[in-house]
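Reviewing the structure listed below.
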Amino acid sequence: MEQKEINISNNLGSFWNKAVELTIIALVVLIPVVFYPRLIRLFNPPKELIFELLVIVGIMFWALKMISQEKIKFIRSPLNYPVIAFMLICIFSLLWSDSPFISLKELPLFLAGPLLYFIVVNSIHNEKQINRIISAILIMGGLFGIYGILQYNGIDFTFWIGNYGRGRVFGLFGNAGYFAGYLMFPLPMAIALFFVCKNKVKKILLLIGVLAMVGTLLATLTRGSYLALGISSIIMFFLFLSSLDNFSIKENKKIFIVILIAILVATFLLVIPNTLNKPGTVISKVKSRISVTQLSKDSSLKRREAIWGFSTLMIKDHPLFGSGLGTFKYNTLKYQAKFFDQGQNRALYPYGVADKAHNEYLQLGTELGLIGLGIFLWLIISYFNYGVKKIKSMKDKYKLGIIIGLTGSIVAFLVDGLFWFPLRLPTNTALFWLILGLTIVTIKTEVNADKIN
């Protein structure tokens, strides 16, 4: 009889784990998709609402699992302490915030991500669950890649007319930069898995997804995302090399062939004059966006330079704890005026209001102080320290590809954060914390498999 009760408890626990998995897949699918077309330019509010509601549902299922098993179990991981510390600094910032109401409005988004991380780590335990969640991310990325290409060619919903930000390739995000930032998650994963996948059908589908996402990324004309993908690809390449015990070009010639083809194609498209890069084409626009002449004249870079300048003034006034979560926009006019009064600073950025720092690290420094920024960097360092060490000892090549792809997504997110504010965007922050959790559970499944063997 006692054994029967244990089995019932285990079955209930498995049921609630599946419920959490379905919630996470729903999160992956719904957050980037949901929108309200009458919101001008920015579609974040409905996405943020869906994110926070699904995290609450996930917590409920996690709690029901613990109740059914009659025990509170909290999986240990190297990221637990920095994640908890990040949550605490966000909560405590309400105490010293310049505007507690603004901080309180911002808080749910900053708590939902870390809570999602704990839900994943404590409820996702086997390879099939991991593969289904990653497949959902890749499928959505591929579909959005195809949709972006259709948008670029003018094939789109009629109600978008006049209702988008810069450029016409914006997905369902209202802004080309936000769309490009989203693609930074599935694209590195698809690239990494393309190299390790042995199933020919899946390999072809991954290649189609990669090409669609790269094409759409180019069409967004976001230079920061180009840089993010480039650095992410380089890091993934070296991670692949570091995982090989006896590296030889002969044994890994497929990787080098693909890389060589990519270099030749890029050279043909960007350097050699041809019909594909003639004036008016997307390639010619990309060339113009990344040219030295354009960069030196570009007003958006000067605008960012000015924003970063008065952001440092905010940090100097509140160095340790910041002015409170979400208060950058509350203080921006005061510090913008202070910055423009100094020297020739007004020549950099003579007009406009900046409600974001366009640099996630500077904005964390202004709102949570150097202590809050330090906690976030502690989290990132812990992630790479744990992940890179485990990569070298992983035997399962497909899991190795998953870990390298997840790591590449985090690298792209961090580089993108130099020019944007991905932690403030619900789709980006949801995938960031989800990928942190998936990295931990994927490594743990490999470790557990080694113990069994």
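The values are calculated or read from the model by the stated rules, or taken from the named source; none is laboratory data. This is a predicted model, so every value here is computed, not measured. For neighbour counting, all protein chains shown are included, and Cβ atoms are generated from backbone atoms with ideal geometry for every residue, glycine included. Side chains are part of the model used for accessible areas, which takes the heavy atoms of the whole protein and leaves out ligands, DNA and RNA. Shrake-Rupley method; radii C 1.70, N 1.55, O 1.52, S 1.80 Å.
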> How do GLU127, GLU367 stack up against each other in accessible area, from largest to smallest, with a 1.4 angstrom probe?
Replying inline: GLU127, GLU367
>> Net charge around LEU94, counting only other residues with Cβ within less than 14 Å of its Cβ (Lys, Arg = +1; Asp, Glu = -1)?
In response: -2
> Cα centroids of region 168-213 and region 102-132: how far apart, whole angstrom?
Replying inline: 22
> If you wrap a convex hull around the C-alpha atoms of region 48-198 and split its volume per residue, what is the figure in Å³?
Replying inline: 179
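As an exercise, identify the trypsin sites (Lys or Arg not before Pro) in region 364-431 lying in DSSP coil whose Cβ has no more than 12 other Cβ atoms within 10 Å. List each step's numbers first, then the result.
Details: sites: LYS389, LYS390, LYS392, LYS395, LYS397, LYS399, ARG424; in loops: LYS392, LYS395.
Loop-located and lightly packed - LYS392, LYS395.
Please sort 169-181, 102-114 by packing, taking for each peptide the average over its residues of neighbouring beta carbons within 10 angstrom, highest first. Before the final figure, lay out the partial values.
Details: 169-181: 25.5, 102-114: 19.7.
For the peptides 169-181, 102-114, the packing ranking is 169-181, 102-114.
Let me check something: with ligands and nucleic acids excluded, how do HIS318, HIS358, HIS125 order by accessible area (1.4 Å probe), largest to smallest?
Details: HIS318 60, HIS358 20, HIS125 85 Å².
Greatest to least solvent exposure: HIS125, HIS318, HIS358.
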> Hey, which of these cross-link pairs are over 26 Å Cα-Cα: LYS200/LYS390; LYS316/LYS356; LYS65/LYS395?
Replying inline: LYS200/LYS390; LYS65/LYS395
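With all protein chains present, how much of the accessible area of region 373-420 (probe radius 1.4 Å) comes from carbon and sulfur, to the nearest whole percent? Let's see the in-between values first.
Details: 1190 of 1730 Å².
The nonpolar share, carbon plus sulfur, comes to 69 percent.
Give me the net charge of TRP62's neighbourhood, meaning all other residues with Cβ under 15 Å from the Cβ of TRP62; Lys, Arg count +1, Asp, Glu -1. Before the final figure, lay out the partial values.
Details: positive: LYS18, LYS65, LYS71, LYS73; negative: GLU21, GLU70.
Charge balance in the 15 Å sphere: +2.
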>> So, for region 91-231, what is the accessible surface per residue at a probe of 1.4 Å, expressed in square angstrom?
In response: 40
